[in-house]
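Data block below; observations after.
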């Protein structure tokens, strides 16, 4: 498989393609929780659901499944470097699993059927891989090129986003320990998942060089020659 090099002409469509993939993933991630919440309210007259996955059982089912499948396609198509490609494939397959194996209706209190168990495992793999993208992959710097000030700022954003993804995962896992009436009123799993998904989206949006570019870049989307962004 041909590796996309970072020192090629930024006008090369191969370079633009992975920058575009990053931005597309970021936009979907940042917008998905809000689209689900607003769509559920407008289409079904329902408030916030117990989790993002519970929108599978609302009029936003197609949006939920379609968005996850779109993210999966983008992640599986991501070929920036070998470790990124492997992580993208893992996260992409996990995203498909989250989309195609629905969460058990009624949540953990109702017990988990087989599809629900697969859903939970895939969701865990998906979020943990996204955290690895932020903390372990996006923060890399070419060993022969000192990081620019903009790169250091981007790395700070990636680390914060990765930490927020892990915080969202931990909050979701610990939510069953909360009082049932509080869970029913606040829906902590939804907000924890929303935090993780938005943080993941922000990291990918920044990785697409839409903001926090290196000084002197002639136009949005240009990769700095010889460096990891």
| Any chance residue 59 is part of a loop (DSSP other than H, G, I, E, B), under 22 Å from residue 96 (Cα atoms) and over 20 Å from the mean Cα position of the chain (by Cα) | yes
| note | The condition of being assigned to a helix (DSSP H, G or I) and modelled with pLDDT of 90 or more holds, among 184, 194, only for 194
| Filter result (part of a helix (DSSP H, G or I), in contact (Cβ under 8 Å) with a residue 40 or more places away in the chain and within 16 Å of residue 129 (Cα to Cα)) within segment 62-84 | 71, 74, 75, 82, 83, 84
| Has segment 32-47 got at least one residue that is touching a residue at least 60 places away in the same chain (Cβ under 8 Å), surrounded by fewer than 22 Cβ atoms within 10 Å (Cβ to Cβ) and either closer than 18 Å to residue 169 by Cα or in contact with a helix residue (DSSP H, G or I) (Cβ under 6 Å, 6 or more places away or on another chain) (or both)? | yes
| field | Criterion: surrounded by fewer than 15 Cβ atoms within 10 Å (Cβ to Cβ) and under 28 Å from residue 180 (Cα atoms) - qualifying residue of 117, 98 | value | 117
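The values are calculated or read from the model by the stated rules, or taken from the named source; none is laboratory data. Quick caveat, the model's predicted, so the values are computed rather than measured. Note that each Cβ is placed from the backbone with ideal geometry, even for glycine, and that neighbours are counted across all protein chains shown.
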